[in-house]
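Nothing in this text is a laboratory measurement; each read-out follows from the coordinates by a stated rule. Given the structure is predicted, the values throughout are model-derived calculations rather than measurements. In this analysis, Cβ positions are derived from the backbone assuming ideal geometry, glycine residues included, and neighbour counts consider all displayed protein chains.
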Amino acid sequence: MTDLDFADDVVLIDSDVKRLQELTTSVEQEASKVGLCANSNKCRFMVSGGWEGSADIYASGATIEKVENFCYLGSYISTTGNCDQEVNVQISWHFLKTRQITEDQENQFASENKAL
């Protein structure tokens, strides 16, 4: 597997920097055939486990930013495989959702008691 695609979000995967650059260039060339282009300001790359050679990847003539973690389709991915950020996001989301439900129930109860 060399890529994951969802709508206009694409993840390219390779264990070699040269092959990843070739894959990136190939995607850019194919996209240009239908009038699309990579926005290098929105592109990121992450190295997990290290690789030989230069760690620079280019898209649209610009160097893509190297990051230690990023969010893809709502899930946080880290170079170390650490899932702390993902867990914290999920806990926060569930806490806020539970709080919203509780407030809605309290408001509904208060409205019903005012009517009496």
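Brief remarks follow.
- All lysines inside 20 Å of K66 as judged from Cα atoms, apart from same-chain residues fewer than 8 positions distant: K18, K42
- Set against the labelled values (1) 17.5; (2) 15.7; (3) 14.7, Kirkwood radius over Cα pairs in Å computed from this structure falls on (1).
- Here is how the number arises for the chain: DSSP H runs of 4 or more residues each give -39500 (n - 2.57), the sum is divided by the residue count, and the result at 222 nm is -14500 deg cm²/dmol.
- Cα long-axis angle, helix 17-32 against the chain (0 to 90 degrees, to the nearest 10): 80 degrees
- Positive-end extreme of charge dipole, the chain - chosen from G49, Q105, L23 (charges on Cβ): Q105
- Lys, Arg +1 and Asp, Glu -1 on Cβ, resulting dipole of the chain about Cα centre, debye, nearest 20: 200 debye
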